[in-house]
Amino acid sequence: MRRPWHDPAWRAEFSRGARDMLPAFPGILAWGLVTGVAMVKTGLSVPLALLMSLLAYAGSAQLAALPLIAAAAPAWVIALTALATNMRFVIYGAAMRRWLTTYSKRRLSALGYLSGDFSFVLFMNRVAKEGAFEHRDAWLFGVTLMNWVLWQLASIVGIVGGAFIPTSWGLQFAGTLALVPLVLPACRSWAGASGALTAGCVALLANGWPYKSGLLVGVVAGIVAATAVDNFTSSQREGGHP
Amino acid sequence: MNQMATRDVVLAILSLVVATFVTRAGMLLVGERLRLSRHVEAALRFAPACALTALVLPEVLSPSGVLDVSLGNARWPATLVATTFLLWRPSMLGGIAIGMATYVAIRLWLA
């Protein structure tokens, strides 16, 4: 189908995705607002901050780049920092791609550009439950575009009103809280729970490593731990020798 | 900031865009050329839970970069309350509301 939007089933999945993202709105709004404020507090002019928000939809990489921009670091340093900060998305992409191979490069480019932490976890939770459901692209566009719109609205408010919004309110904590319910279902299995615990503890120990590398090391350690526990528990279930 | 040329900032923004796109869309675009083994595919099932905890735990337990489990860091009791609520009723909105309410209450109480 060339214009999927004309297919009612596609549209239905799209709006379902948008609705599935909606409960996270306080978290996304708070996060976007904080990022918007941070951009102008760094000293970016309002037009440049708007340009950055609308083009570089990057969250944590944006925040990591701000002090470098303020210090007039060369563009390649900023690019390398953003690459390092975004490394977890490579793991996300590796996990998602087997469900998305049927779509065109153009559509995958758009989905990749719009994807974030939320859309990744929501997507993986849904395919874990339902397998390769129909119109996955539509649903994912719904989720990611809702995320994009909420983020941009909040970020623009932060940019324009930055001078009046104190950073001491701790608003970004709402964004952290929004992620908690997404972790809990995965912790029902021993493997998932031990993976999550390992990832969290390693990330905590490695907190403050440059380029958010502690986060990446934590994720990898968690995946390894979860796989080890999973191999052990499934060999126990099968009654064979481990 | 005034001393900083607009051209340099635009260049910085563009490099941010490229780096972000490469990491987020790259894996989706390599397509058939890259084959992941069955074991790697199976291991990646655990990526969401691991990524989220690795994001959340440092934010909650060491918001300033140093481990802080005193009441001066209102984040961890607030997350504990929100998690307890979420185990009983899985509502993202409810979790944020109760967590933020606890967070604000503790900070006002200590202030």
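The values are calculated or read from the model by the stated rules, or taken from the named source; none is laboratory data. In this text, all values refer to a predicted model and were calculated from it rather than measured experimentally. With ideal geometry, Cβ positions are generated from the backbone for all residues, glycine too; neighbour counts draw on all protein chains shown.
Yes or no: region A:218-240 includes at least one residue that is basic (Lys, Arg) and over 23 Å from B:HIS39 (Cβ atoms). The answer is no; no qualifying residue exists. Listed by first and then second residue, the pairs with beta-carbon distance under 7 Å, at least 6 apart or on different chains, first residue in region A:1-26 and in a helix (DSSP H, G or I), second surrounded by fewer than 18 Cβ atoms within 10 Å (Cβ to Cβ) and among the basic types (Lys, Arg), are A:TRP5/A:ARG11.
Among the numbered conditions (1) surrounded by 22 or more Cβ atoms within 10 Å (Cβ to Cβ); (2) out of contact with any Leu (no Cβ under 7 Å at 6 or more places or on another chain); (3) farther than 30 Å from B:SER37 by Cβ, the only one that A:ASN86 does not meet is (3). One residue stands out in region A:198-215 among those that are more than 8 Å from every other protein chain (Cβ to nearest Cβ) and at pLDDT below 90: the one that is surrounded by the fewest Cβ atoms within 10 Å (Cβ to Cβ), namely A:PRO210. Answer yes or no: is there a residue in region B:100-109 that is out of contact with any Pro (no Cβ under 7 Å at 6 or more places or on another chain), among the aliphatic types (A, V, I, L, M) and surrounded by 15 or more Cβ atoms within 10 Å (Cβ to Cβ). For region B:100-109, residues out of contact with any Pro (no Cβ under 7 Å at 6 or more places or on another chain), among the aliphatic types (A, V, I, L, M) and surrounded by 15 or more Cβ atoms within 10 Å (Cβ to Cβ): present. Taken over region A:93-116, the criterion of being at the interface with chain B (Cβ under 7 Å from one of its Cβ atoms) and aromatic (Phe, Trp, Tyr) is satisfied by A:TYR113 alone. Whether a residue is part of a helix (DSSP H, G or I), within 17 Å of B:ALA51 (Cβ to Cβ) and either over 18 Å from the mean Cα position of the chain (by Cα) or among the charged types (D, E, K, R) (or both) was assessed, and A:ARG106 does not pass this test. Taken over region A:20-63, residues that are more than 23 Å from B:ARG24 (Cα to Cα) and of a type in the set (D, E, K, R) amount to 1.
Residues satisfying the criterion are present in region A:135-146 (criterion: more than 11 Å from every other protein chain (Cβ to nearest Cβ), surrounded by fewer than 20 Cβ atoms within 10 Å (Cβ to Cβ) and over 22 Å from A:LEU54 (Cβ atoms)). Of the helices (runs of 4 or more DSSP H) contained entirely in region A:136-242, those carrying at least 3 residues that are within 20 Å of the chain's Cα centre (by Cα) and of a type in the set (Phe, Trp, Tyr) fall at A:136-161. Which of the residues belonging to region A:101-130 are within 21 Å of B:GLY31 (Cβ to Cβ) and surrounded by fewer than 21 Cβ atoms within 10 Å (Cβ to Cβ)? The answer is A:THR101, A:THR102, A:TYR103, A:SER104, A:LYS105, A:ARG106, A:ARG107, A:SER109, A:ALA110, A:TYR113, A:LEU114, A:VAL127. The residues in region B:57-103 that are out of contact with any Ser or Thr (no Cβ under 8 Å at 6 or more places or on another chain) and either among the β-branched types (Val, Ile, Thr) or on the phi > 0 side of the Ramachandran plot (or both) can be counted, and the count is 8. Would you check if B:GLY65 is of a type in the set (Gly, Ala, Ser), more than 13 Å from A:LEU184 (Cα to Cα) and in contact with a helix residue (DSSP H, G or I) (Cβ under 8 Å, 6 or more places away or on another chain)? It is false that B:GLY65 is of a type in the set (Gly, Ala, Ser), more than 13 Å from A:LEU184 (Cα to Cα) and in contact with a helix residue (DSSP H, G or I) (Cβ under 8 Å, 6 or more places away or on another chain).
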